[in-house]
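Below is one structure; the comments refer to it alone.
The values are calculated or read from the model by the stated rules, or taken from the named source; none is laboratory data. This is a predicted model, so every value here is computed, not measured. Note that each Cβ is placed from the backbone with ideal geometry, even for glycine, and that neighbours are counted across all protein chains shown. For the accessible areas, the whole protein counts, side chains as well, though only heavy atoms, and no ligand, DNA or RNA atoms are used. Shrake-Rupley method; radii C 1.70, N 1.55, O 1.52, S 1.80 Å.
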2 protein chains.
Amino acid sequence: MIPRAVPLRRHDSPTIFEREPMTEQKQLKLGAFMRPVSLHTGAWRYPGAYPDANFNFQHIKSFAQELEKAKFDAFFMADHLAVLNMPIEALKRSQTVTSFEPFTLLSALAAVTDRIGLVATASTTFDLPYHIARRFASLDHISGGRAGWNIVTTSNPDAALNFGLEEHMEHGERYHRAREFYDVVTGLWDSFADDAFIRDPESGIFFDPERMHVLGHKGEELSVRGPLNIARPPQGWPVIVQAGQSDAGRQLAAETAEAVFAAPRNLADGKSIFADIKGRMKAIGRDPDHLKILPAAFIVVGDTIEEAKAKRAKLDSLVHYDSAIASLSIALGHDASKFDPDAPLPETPETNASKSGRERVIALAETEKLTVRQLAQRLGGYAGLAFVGTPQSIADEMEQWLHEEGSDGFNVVFPFLPQGLLDVTTRVVPELQRRGIFRRDYEGTTLREHLGLPRPENRFFKATAAAAQ
Amino acid sequence: MIPRAVPLRRHDSPTIFEREPMTEQKQLKLGAFMRPVSLHTGAWRYPGAYPDANFNFQHIKSFAQELEKAKFDAFFMADHLAVLNMPIEALKRSQTVTSFEPFTLLSALAAVTDRIGLVATASTTFDLPYHIARRFASLDHISGGRAGWNIVTTSNPDAALNFGLEEHMEHGERYHRAREFYDVVTGLWDSFADDAFIRDPESGIFFDPERMHVLGHKGEELSVRGPLNIARPPQGWPVIVQAGQSDAGRQLAAETAEAVFAAPRNLADGKSIFADIKGRMKAIGRDPDHLKILPAAFIVVGDTIEEAKAKRAKLDSLVHYDSAIASLSIALGHDASKFDPDAPLPETPETNASKSGRERVIALAETEKLTVRQLAQRLGGYAGLAFVGTPQSIADEMEQWLHEEGSDGFNVVFPFLPQGLLDVTTRVVPELQRRGIFRRDYEGTTLREHLGLPRPENRFFKATAAAAQ
């Protein structure tokens, strides 16, 4: 469990002249959800977008630096351990077949940024805890305390085939291993006390072996001796992030996570997840403020709501019909390829497809008056929570979520880049700052400080006054 | 096997005014062997050294940038997968207990350098080929073609315990797995043809699936489906580096390596290794020029040879006597802790210790007239090949090795940092340049181009004219 402590410097205000009057307002946390560019499958085709941004380091560097200028909490990198299995007509149109590996990309970004957090996705199913502990510790040292670990158990069966497993590990077993993996990794991070390194050239003593702990873990899934061959991370532990939506995933999050990457469809859904996870935390004695719930939110900005909607429609129209219709067929549980693309959605019989998912699709078509083509392209593009409007209307929605406990902030999904990102950093962020619900400058230097999270105590060593900063 | 091709731009000369007359001379290749600082156990205590350099990114960044200014071929990072098992009195004086992880460090360095090669050590015994292939490909893309993979099989039994193995894998089995691992990794790098990515916003085609290959490897040790989820590396494959000294290691190098990190004791030894490995290459039809032999060389520079020797003696004196005497005892196969530290080495009976190693130690003590203490501290500090002298005498030795086929260059071990590094970059390198045996500027942009190595063809796809650059 995460020990509780007073967040470092969280309420150290800059001078009065730099602040709006409403200093005590709840503050939004903002991450950028990158894959490493947009999740929208049509994004690379949008006018003005860089078609190669997905694996052009110079572009991604410019995005990270722009996000840092806008004081984003973190650059959050999604990941896959395989070329995703999809129909060839969809696959050949997908920019996700090639992308940087998260540790290498985020380490490179660490060297060219100063403040923004760097969250890497890493799998507990297809990697080894000594490597994972070491790489995150190293990234945390290189970045001066800006690393975060998005723990995933990897449910993609194609990934299993890349790691010598014919059959994918079953859900319960994956979560069981994930829990033990987390214990080992955090235990390895605590291999050295914060004050273990003396480095006294005079006496020749480099470190105090009394302040080194040999983990000696022998569990059901893992056996790891330790110690880790790197000093304790500047943050104590990199920030623990999770996205699990299942019951097991929410429980693991309540026990171990410090940020949750949720995927509610709407505010009511968001409030329910928020209440559930924070409730589980209270039940086990954790301070609910020590975990930030940050849903993914797709943001499209326009001068008017109509213009923003038109941009989204334009973007959706770039999704190839074959992949679009496949998404719609899955959602309906019914082959939609025979429908008239330019007519409204016809009546379809109920099937085994998720009832709520099917109803949501039908409601979406009705509310937005979408043709079959438009509906399919929405689903094949990006169909999650979206704020589409003016900087003011988007800020209104964000503020409502914050105040009604739908979330602690958002992981922003950009529709296309660079312009869709610039629209957020130069138009939405200033509006949030004007309202006093988003920082004008970083209060601290570490991702923990940005998120208002306590620094975990070393489970094996009490901090001395000097090491506690 | 590495396909042969004409090295890219290797002989494209700059203008005549920038060149010495001896353009056609053989050229030395220079790597910096970093751990990530000095291998000498007393280095961090040397006057003026940074005691925290081992895991201070700002220092290491400044070292890499200085090496690049001096036109070094590569920054070569050694690695261990454990805190090394040594007596506590030696351990607590060792800076190697904490160090950066290679992929994270080299990726960060990639973002703040432009030309220098970045060679990471990665183990075939304790890692998985999909991860390794992906990380090196990613580092190669981020760095614009500067990555190299130092393939190690990891002989340290302490590492095994950190990866769930009670018993260390036997030598032959490790090499067997290494060979298959290499085939899988290079096969994954060839997942996409160089021209697979079309990225045409108009048609919406991102890549040509006909130019993607699914590896489908099922071998004795490994089962990996593929394809890799990243485009082919800019270098085709990152440069393959090996250090194996054993018969199996030399054979693997002759078959697969493009650079060998050798450890000869002296020129005669160097010539023998050089002739052996290049002979093995000829025997299997590889061009011997497509592998560069780069022994580790410890370099100490002075205004006079005496001054350089005095610096080395000073550095050796910083090695703690307990760890020093342990090294001497191992070399002699005899407990040396009872010897008078300040007397010459007494006669000792022959034992089971390596005969040649024992004789070398005795000869060293006689040649340099070392006391027991000095001899022990030499062995406990750095006892490999060393060039200790003036810029001229060091250049003389390097030139002799190059011309007598003792090596193609060196991996320089710096005695202490930053000064020991600056002595090489600002005094030895200019002398080598004056003699026309080291570049004044990089001829190309990739590590392959620096080393004069051909770009491997994709084994699954013939290059088209456009993709061949």
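Helix B:355-367 and the long axis of chain B differ in direction by around 60°, with both axes built from C-alpha atoms. Put B:Tyr321, B:Tyr130 in order of accessible area, highest first, and with a 1.4 Å probe you get B:Tyr321, B:Tyr130.
How much length is gained if the chain between B:Gln392 and B:Asp303 is pulled fully straight, taking 0.36 nm per residue apart and subtracting their Cα-Cα distance, in nm to one decimal?
31.1 nm
Ranking B:Lys26, B:Lys309 by solvent-accessible area of protein heavy atoms (1.4 Å probe, all protein chains present), from largest to smallest, gives B:Lys309, B:Lys26.
Count the DSSP beta bridges whose two residues both fall in the protein assembly as shown, then state the antiparallel fraction as a percent rounded to the nearest 5.
Looking only at bridges with both residues in the protein assembly as shown, the antiparallel portion is about 15 percent.
If you line up the long axis of helix B:102-111 against the longest principal axis of chain B, both from Cα atoms, how many degrees apart are they, to the nearest 10? Between the helix axis and the principal axis of chain B, the angle is about 70 degrees.
Position B:Thr348: other-copy label points at 8.1 nm, ordered by increasing distance, label point 7 Å along Cα→C-beta. Bridging of A:Lys271 to aspartates and glutamates at a Cα separation below 17 Å is possible for A:Asp247, A:Asp289, A:Asp396, A:Glu397, A:Glu399, A:Glu404, A:Glu405, A:Asp408, once same-chain residues fewer than 8 apart are set aside. Of the solvent-accessible surface of chain A, computed with a 1.4 Å probe over protein heavy atoms with every protein chain present, carbon and sulfur atoms account for 52 percent.
Averaged over the residues of peptide B:201-214, the number of Cβ atoms from other protein chains lying within 10 Å of each residue's Cβ is 4.
In square nanometres, what is the average projected area of the Cα convex hull of the protein assembly as shown?
Values: hull surface 161.2 nm².
Mean shadow area of the hull around the Cα atoms is 40.3 nm².
About its Cα centre, the dipole of segment B:18-161 is roughly 100 debye, where the only charges are +1 on Lys and Arg Cβ and -1 on Asp and Glu Cβ. Beta bridges from DSSP with both residues in chain B: antiparallel share about 15 percent, rounded to the nearest 5. Beyond 32 Å in Cα-Cα separation lie the following of the pairs B:Lys92/B:Lys369; A:Lys26/A:Lys282; A:Lys338/B:Lys462; A:Lys311/A:Lys338; A:Lys92/B:Lys462: A:Lys338/B:Lys462. Distance from the alpha carbon centroid of segment B:62-124 to that of segment A:80-107 works out to 29 angstrom. Extension gain for B:Tyr321 to B:Glu89 (0.36 nm times residue separation, less C-alpha to C-alpha distance): 82.6 nm. Compared with the alpha-carbon gap, the fully stretched path from B:Ile198 to B:Leu422 is longer by 76.1 nm at 0.36 nm per residue.
Shape of segment B:25-86 from its Cα gyration tensor (a ≥ b ≥ c, root eigenvalues): rounded if a/c is under 1.5, otherwise prolate when a/b > b/c, or oblate? Working shown, then result.
Values: a/c = 2.04, a/b = 1.51, b/c = 1.35.
Judged from the Cα gyration tensor, segment B:25-86 comes out prolate (a/c at least 1.5, a/b above b/c).
Each residue of segment A:305-381 gets 82 Å³ once the volume of the Cα convex hull is shared out per residue. Buried on complex formation within segment B:221-258 (loss of at least 50 square angstrom of accessible surface versus the isolated chain, 1.4 Å probe, ligands and nucleic acids ignored): B:Ser223, B:Arg225, B:Asn229. Counting only protein heavy atoms and rolling a 1.4 Å probe, how much accessible area do A and B lose on contact, total for both sides, in Å² to 100? Separately minus together, A and B give about 6300 Å² buried.
Averaged over its residues, the protein assembly as shown has an accessible area of 37 Å² per residue, based on protein heavy atoms and a 1.4 Å probe. Placing a pseudo-label 7 Å from each Cα along the Cα-to-Cβ vector at A:Asp340 and B:Val112 gives an inter-label distance of 6.4 nm. Think of it as helices only: each DSSP H run of n ≥ 4 in chain A is worth -39500 (n - 2.57), and spread over all residues that comes to -11000 deg cm²/dmol at 222 nm.
Using unit Cβ charges (K, R positive; D, E negative) and no other charged atoms, how large, in debye to the nearest 20, is the dipole of the protein assembly as shown about its Cα centre?
Details: 106 positive and 124 negative charges, 158 e Å.
Here the size comes out at about 760 debye.
Residues B:Arg135, A:Arg265, ordered by accessible area of protein heavy atoms at a 1.4 angstrom probe radius and largest first, appear as A:Arg265, B:Arg135.
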